[in-house]
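The values are calculated or read from the model by the stated rules, or taken from the named source; none is laboratory data. All values reported here derive from a predicted model rather than from experimental measurement. Neighbour counts are summed over all protein chains in view; Cβ atoms, including those assigned to glycine, are modelled from backbone coordinates with ideal geometry. Heavy atoms of the whole protein, side chains included, go into the accessibility calculation; ligands, DNA and RNA do not. Shrake-Rupley method; radii C 1.70, N 1.55, O 1.52, S 1.80 Å.
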Amino acid sequence: MTLFEPKICVWNDLTSEHLDVIYSASNNENTLDVLADICKIDQSDVKQEILLEFFFHTIQFAKSREMNYAQTSALFTIMKSVHAMCASTPYNNNKATYAYFKQLLVKHSLQRPPYSVGVFTVNQVQAITEYALNTYFRHFSMYKYAFTPKVRVDLSLHYEGAPPTPEPVEVTPTEEEIANETALEADPEEVSPEPEPVESEEMRQLRDMIQTVMGSELKMVQGKLEKMISEQDSKLSKQVEALEESAGLKAGSKSPGNKKKK
């Protein structure tokens, strides 16, 4: 079973009581407040405000198409589920999300219980598809950027022959170290230069190994470049000789203007 499996979703998020309150709102601001209260949305958060606007326009579309309560509830949950699938991964899943949207519509457009219910008519299915394409899927990348979690990659490198790097340990400074730091801050001119850290044997071997490998690689690249330049010079010389022969300018040939008149 996949994470996002199309299911019948009438009355899942909005009940008839919820829709009574939504439709009885006197203006758009009241409708937004009612939706925010029903869906537990914090309007002070930018992301939640975008989501609230998305839900609001879905309700407005249902009103404009004169949908009944069951159709409005089903449409609301379908669009909410589509958004949940979009935001489930930071990777591009546009095609998969649209396929999921179409499967949900099919679940609510054919009367074949218990597999599907005939909530929407054919004309409503067409209108809902056009609405989703012109609104949500047109701005799919924007919703993806705003709601998906950011991916953070931590890389760890290990060199053969080198000891593993120990985990960083937080060291609590001693009273003596704190006193020294305070003294240095009080008189920065008397700061003595810190001794250079002594390179360990393992680090020296690692540095020599890297220098050896890089040196051989550079020599190989230099040899290839010299060979390439030599081949290009040879090719160019042959082309120049061919041009000179075709123009009669090879060494030892006479210019047409040097012929003696009889």
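Which condition number in (1) under 15 Å from P6 (Cβ atoms); (2) in contact with a His (Cβ under 9 Å, 6 or more places away or on another chain); (3) aromatic (F, W, Y) is the one that Y136 fails?
Exception for Y136: condition (1).
Considering only residues that are in a helix (DSSP H, G or I) and either surrounded by fewer than 10 Cβ atoms within 10 Å (Cβ to Cβ) or modelled with pLDDT of 75 or more (or both), which ones fall in the range 242-262?
Correct list: S246, A247, P256, G257, N258.
So for the range 134-153 (the condition being modelled with pLDDT of 70 or more, surrounded by fewer than 10 Cβ atoms within 10 Å (Cβ to Cβ), of a type in the set (D, E, K, R) and part of a loop (DSSP other than H, G, I, E, B)), does at least one residue qualify?
So far as the range 134-153 goes, yes, one or more of its residues are modelled with pLDDT of 70 or more, surrounded by fewer than 10 Cβ atoms within 10 Å (Cβ to Cβ), of a type in the set (D, E, K, R) and part of a loop (DSSP other than H, G, I, E, B).
How about the range 10-113: which helices (runs of 4 or more DSSP H) wholly inside it have at least 1 residues that are among the aromatic types (F, W, Y) and open to solvent by less than 60 Å² (accessible area, probe 1.4 Å)?
46-64, 69-86, 94-107
Output yes when any residue across the range 104-123 is free of Cβ contacts under 8 Å to residues at least 40 places away in the same chain and within 21 Å of the chain's Cα centre (by Cα), and no when none is.
No: the range 104-123 contains no residue that is free of Cβ contacts under 8 Å to residues at least 40 places away in the same chain and within 21 Å of the chain's Cα centre (by Cα).
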